1. State all residues of the range 240-260 that are without any contact (Cβ under 8 Å) to a residue 40 or more places away in the chain, part of a strand (DSSP E or B) and closer than 19 Å to Asp221 by Cβ; if no residue qualifies, say none.
2. Which of the numbered conditions does Asn319 fail, given that it passes all the others? Conditions: (1) out of contact with any Ser or Thr (no Cβ under 7 Å at 6 or more places or on another chain); (2) of a type outside the set (Gly, Ala, Ser); (3) more than 30 Å from Ile217 (Cβ to Cβ).
3. Of the residues in the range 134-163, how many are within 19 Å of Ile231 (Cβ to Cβ), touching a residue at least 40 places away in the same chain (Cβ under 8 Å) and of a type in the set (A, V, I, L, M, F, W, C)?
4. Only residues that are in contact with a Lys or Arg (Cβ under 7 Å, 6 or more places away or on another chain) and more than 17 Å from Val203 (Cα to Cα): list them for the range 224-246, please.
5. Please identify the pairs in which a residue from the range 303-327 that is under 11 Å from Arg268 (Cβ atoms) has its Cβ atom under 7 Å from the Cβ atom of a residue that is among the aromatic types (Phe, Trp, Tyr) and not in a strand (DSSP E or B), counting only partners at least 6 apart or on another chain.
6. Can you say whether Ile224 is crowded, with 16+ Cβ neighbours inside 10 Å and without any contact (Cβ under 8 Å) to a residue 60 or more places away in the chain, as far as the supplied structure shows?
Amino acid sequence: MTHRDEPISEYPPENIDSHFLSYMMEEKLTSLDTVFLVSTMTDQHLVAILALMGVLAIAYLGLRMKRFRNKIPFHITRVAIAFFLLYLISKLLRRFIEIHHITFITPKEISFLYLLAVVALSIKESFVFADQFRKYLVNTGRNTTSAQFITKAIKIVSVISILLVFGEHFGLSFAGLLTFGGIGGIAIGLAGKDILSNLFSGVMLYFDRPFNIGDWIRSPDRQIEGTVVEIGWRITKIMTFQNRPLYVPNYLFSSISVENPGRMLNWRINFSIGILADDSSKIKPIISQIKDMLEKNEGIDQKQPLVVSFNQIGASSLNILVYCFTKTTVWKEWLQVQEDVYLSIIDIVQKNGSQMPYPTQTVILDQETKT
C-alpha cells in the first residue's frame, strides 16, 4: 500500500518550536551567504578590491609628503583613507576566514584587532592634528604658550573621548570607567602628591602668565636664569645662557620670586665717567655736550628720565653720572647703543682737552733713601 504524498504547507506546523525555527533560518542565511560569497567573489572582484586598496595606499603615502603634511584638509583626507583601508582589510580577512574555515583565528578576534587599530590610529592622528593646530595658532600670531596649552588640552580630551567611545567594545562600561576614575583619582592623589602639585602649578602658570615661552627669566632666590623653552604639565624647561637645559618643577614657581627681564619696557644705561681733577673748568661744557648728544641719539628713549650730572668728587677725578634708557629691549641692540654712547663720550672729553684719569700713586722718597 502506497501512501500518497501530502502537499507541504508553506506555513510551519504549530507544534514546531520557535527557537528551532529561528536557528534553522539563521543556518540557512549563513549557508546562503557563504554560497553567495563563493559564487560571486571571483578572481576579477578580488583583483579589483586589491587594486583599489593599492591606489588608496599610494594616495595615503602621497598625502604624507612634506608639502601636504601640515595642511588640515589633506590631513582629514589622509585619515579617512587610513580608516577605509583598515575597514577593507578587516572585511577581507573575516570573509577569508569564514570561507576557508580557518580555526587558529576567529572573525571576532579580527574584529577586536580592527577596533584596536582604529583606536590607536584615532589617538595618533588626533595628536598629529593637535600639533598642526598649534603651528597654525603660532603662525597666525597667537601666543606660543597659549597654543601649547590648547594643544595639550586637545590631546587629553581626544584620548578621553576615544576611550569613552570605544571602551564598551573592549568590555569597559561608561559607569565602570567613572567608578574607576573616582577610586583611581583618590589613589593617585595619595601616591602622586608631587605630580599633582606640579600639574596644578603648571595650570596656574598658564593662567597667571608670569612668563611665556621665549622670555628671559631669573630668580634671585635660586640659581635660575635663562630663556623659557617649554612649559609642561610637570616641569618647565629653561635654556641657560651656557646653552644648558635646566628643568624646574612647576611647584617651585609658587614659592619663589621670579624676575622677567624679557617684559621690560626699556633697557637702562647707568654708569659714571671721571675727568681729571685739574680740569674742573671744563666739566660744565662736557656735561652740556654729553646731554646734547644723548638727546639727539635715536637709540635713546626721550620719554624716559635722562640725567647727566656732576655727582661725585673722587680721590683723583671728578665723576659725572650718565643715566638714560634705550628704546630697544633686545640685549644685542642695547649693547650696540651703549657702545655708541661710550665712544661719543670719549670723543667729547678729548675734544675739550681733558682726559679720563686712571689710578696713580706718587711715591716720595726721603733724603736718606736717595743717598
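No value in this document is a laboratory result; all are computed from the given coordinates. If you're wondering where the values come from, they're calculated on a predicted model, not measured in any experiment. All Cβ positions, even for glycine, are placed from backbone atoms using ideal geometry, and neighbour counts span all protein chains on display.
1. Within the range 240-260, Leu246, Tyr247, Val248 meet the criteria.
2. It is condition (1) that Asn319 fails.
3. 1
4. Ile224, Glu225, Pro245
5. Hits for this filter: Thr326/Trp334.
6. When the stated conditions are applied, Ile224 passes them.
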